[in-house]
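Working notes, structure below.
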């Protein structure tokens, strides 16, 4: 009995004593290194201004995180070369969240608590912005999401902003383009039910298309990792729609397009910003005459766009995708707000971000509305021979 | 005869009591049963009120996730370690418990208070440190504790359903069935209807609770859950988990489980109903996985089934294997190390996960039996007995 009691006490006590020691070590090691720059959050007492970025730098969605980070890094580099913000250099700290909600929470907590950042940029995926957003809201540190399109992200609170359009708008863009410009009335949809982005956009498209007087004949779904879409496409073929709306990612779209053509489905396919990738050329001519909505067009003659393209190419040796452009815009919008803000205190900075009007960004002029979302235009790209090019602009509904 | 006498003499010497007094008096049952829990509560309280403010927000964030991982790893130890079965669907049970508790707290809050904000007391306050004025316990805590237990029960029920047919079989079948189960849970949860929000208050109030259980947010995950799960609650459950696991290991039940692990035929031959024992171990393990899922969902404030697929199950399995199959303290230590390690490795930047994997490989080469093997941390300080270590 004696032995057992001792064993039990040990079982409970040993980890209890081990834990704080371990976390003290992890905690203090960082705290001591960043304590010298901590005052940067409140008063302006020398040193660099720290901003944080959290994103999926590794994992299945790594391309999004890396692209966004490239865009942000470019913006920071430019700003620092131009003398920084209010005479101070910007220091960017990027943390990987492996595409996991729990890691996103840890990364953001670390950025705010250990590194003392004045603002946080991220995430691409709505589900992770929703996981980590409450931390920013609670700690009173503004967060700007470059490309989370789900409406519920900014509903977290008055500290959370975004620079991209939201799902209902993009759904409307696809619907109004098909109905009003292409004069098509009968739609089918094919979406990924395990992706919030895809399922959400599908719903918004169907709502908008039916509101505009169109008819959705059939809605088919697939799941992450599916490679064979012939069952869904056969069901769609039987309904004989005039076009298929596919709010998926480019990897899936290439497969879907090829299989659709093989099955004799010849109608155009229309999609969202998940299509943006050079890999669309892998579809050969299967995607010829198809359209998708996008955040901006690289053919846009505005100086913001052309300057950005030039700089990005010389820095990274490739053309930027939308994620990079949105990351760049999010960072620049933040710098603009920092210049206008009374102080870099969280609430002052949030007020400055909220009052952003007609900010000239790569992805269009951004005005932050009362829901802390960005009011902006969307463009339609047309695919021909594996390349996509600007086709039309769609404005927000009045 | 001489041997028996010697044995009896040795026992009485080691316990320095006569055989009749080996059985403790009946009155001491209650203190013996609850003393460790009391100690656990005090430790959880100390961690929450004194340690957490000292280590700051980031440290306590790790402390929380370490605690949740301890519950997951130790609960899986009961199946994979003690009983020697190979389950790889632990994240599925976690998801079930998490979604159940999340839905109960979220929709329950709407039904009771008319909003989904925080209604707990000081021990459940997850907001900004020092930003809470109020009693130690609030009415919301009752909802939270109830929801956590309910999450555990739902997961346990699922464990029973999964375990009953598959645990009759021997070998790798359980691995395949649990892997499939985890994926089914993920896909079903991702296919649920959209979550009702505060604009739908009247609809939430008029819909019975069970009918709300399919409105779990689908692919976006269940979000906007009021957060109640603090260091205190997590470590209270860690204490319960550790007490249950250690007591189980040294009970006749635990011996039966270990005998199944060593040799099923021999265990059956000495009268152990192997299916029944395996199912019970599995149900117990599932219960705590569900509780861990509930604590997780109510800590972050959102839960996403997409992240609770087989990869999460493998992460938990790695903790168990690293700690040593069958060692409670080993699993505990491994859970702590594997929670902190990715953060410690932040300085190597994008090579972080490579270094992490490399360290795991090195650890498994150096100590293939895990940190402690089947033994416990405290066995290492004790004179090795002939029957210790298998």
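Give the residues of region B:51-65 that are farther than 19 Å from residue B:298 by Cα and either facing chain A (nearest Cβ under 9 Å) or under 23 Å from the mean Cα position of the chain (by Cα) (or both), sorted by residue number. So that I can check it myself, show each step before the final result.
Going through region B:51-65, the residues farther than 19 Å from residue B:298 by Cα turn out to be B:51, B:53-56.
Matches in region B:51-65: B:51, B:54, B:55, B:56.
A quick yes/no check of all residues on (1) more than 19 Å from the chain's Cα centre (by Cα); (2) more than 21 Å from residue A:303 (Cα to Cα); (3) in contact (Cβ under 8 Å) with a residue 12 or more places away in the chain:
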residue: A:346; (1), (2), (3): yes, yes, yes
residue: A:370; (1), (2), (3): yes, yes, no
residue: A:378; (1), (2), (3): no, no, yes
residue: A:387; (1), (2), (3): yes, yes, yes
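Looking for something in a loop (DSSP other than H, G, I, E, B), in contact with a strand residue (DSSP E or B) (Cβ under 9 Å, 6 or more places away or on another chain) and either assigned by TED's automatic domain parsing to the domain that holds residue A:320 or at positive phi (or both) - is there at least one such residue anywhere in region A:382-391? No. The residues listed here are B:128, B:168; of these, the one that is in contact with a helix residue (DSSP H, G or I) (Cβ under 9 Å, 6 or more places away or on another chain) and closer than 23 Å to residue B:198 by Cβ is B:128. In the set A:59, A:83, only one residue is in a loop (DSSP other than H, G, I, E, B) and free of Cβ contacts under 8 Å to residues at least 12 places away in the same chain; that residue is A:83.
Looking at B:324, B:271, which one is away from every other protein chain (no Cβ under 14 Å) and buried (at least 23 other Cβ atoms within 10 Å of the Cβ)?
Working: B:271 fails: buried (at least 23 other Cβ atoms within 10 Å of the Cβ).
Exactly one residue qualifies, and that residue is B:324.
Are any residues in region A:346-381 in a loop (DSSP other than H, G, I, E, B) and crowded, with 16+ Cβ neighbours inside 10 Å, and if so, which ones? Lay out the reasoning, then the answer.
Looking only at region A:346-381, we keep the residues that are in a loop (DSSP other than H, G, I, E, B), and these are A:355-358, A:362-363, A:369-373, A:376-377.
Hits for region A:346-381 are A:356, A:362, A:363, A:372, A:373, A:376, A:377.
So if I check each of A:293, A:322, which one is touching a residue at least 60 places away in the same chain (Cβ under 8 Å) and closer than 17 Å to residue A:64 by Cβ? Sole residue among the options that is touching a residue at least 60 places away in the same chain (Cβ under 8 Å) and closer than 17 Å to residue A:64 by Cβ: A:322.
A quick yes/no check of all residues on (1) at pLDDT 95 or above; (2) exposed (fewer than 13 other Cβ atoms within 10 Å of the Cβ); (3) outside any strand (DSSP E or B):
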| site | (1), (2), (3) |
| --- | --- |
| A:221 | no, no, no |
| A:225 | no, yes, yes |
| A:245 | yes, no, no |
| A:253 | no, no, yes |
| A:258 | no, no, yes |
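Just one of the listed residues (B:40, B:84) is part of a helix (DSSP H, G or I) and either over 25 Å from the mean Cα position of the chain (by Cα) or modelled with pLDDT of 80 or more (or both), and it is B:40.
Say whether the condition of being more than 9 Å from every other protein chain (Cβ to nearest Cβ) and in a strand (DSSP E or B) is met by at least one residue in region A:154-161. Checking region A:154-161: at least one residue is more than 9 Å from every other protein chain (Cβ to nearest Cβ) and in a strand (DSSP E or B).
Tell me the residue from A:151, A:146 that is within 11 Å of chain B (Cβ to nearest Cβ) and either within 13 Å of the chain's Cα centre (by Cα) or closer than 20 Å to residue B:62 by Cα (or both), please. Break it down stepwise before answering.
On the way: A:146 fails: within 11 Å of chain B (Cβ to nearest Cβ).
Only one candidate passes the filter, namely A:151.
When B:107, B:99 are screened for being in contact with a strand residue (DSSP E or B) (Cβ under 8 Å, 6 or more places away or on another chain) and touching a residue at least 60 places away in the same chain (Cβ under 8 Å), only B:99 passes. Within the set B:359, B:338, B:317, B:333, the sole residue that is away from every other protein chain (no Cβ under 13 Å), within 30 Å of residue A:57 (Cβ to Cβ), in a helix (DSSP H, G or I) and within 17 Å of the chain's Cα centre (by Cα) turns out to be B:317.
Residue-level check: of (1) over 26 Å from residue A:365 (Cα atoms); (2) facing another protein chain (nearest Cβ under 8 Å); (3) surrounded by 23 or more Cβ atoms within 10 Å (Cβ to Cβ), residue A:117 misses just (2). Restricting region A:93-114 to residues that are assigned to a strand (DSSP E or B) and touching a strand residue (DSSP E or B) at 6+ places or on another chain (Cβ under 6 Å), the residue that is nearest to the other protein chains (Cβ to nearest Cβ) is A:95.
Here's a check for you: in region B:342-355, which residue that is in contact with a helix residue (DSSP H, G or I) (Cβ under 6 Å, 6 or more places away or on another chain) and more than 9 Å from chain A (Cβ to nearest Cβ) is nearest to residue B:81 (Cα to Cα)? If we take residues in region B:342-355 being in contact with a helix residue (DSSP H, G or I) (Cβ under 6 Å, 6 or more places away or on another chain) and more than 9 Å from chain A (Cβ to nearest Cβ), then B:355 is nearest to residue B:81 (Cα to Cα).
The values are calculated or read from the model by the stated rules, or taken from the named source; none is laboratory data. As the structure is a computational prediction, the values presented were derived from the model and not from experiment. Every residue, glycine as well, gets a Cβ built from its backbone with ideal geometry; the counts of neighbours run over all protein chains shown.
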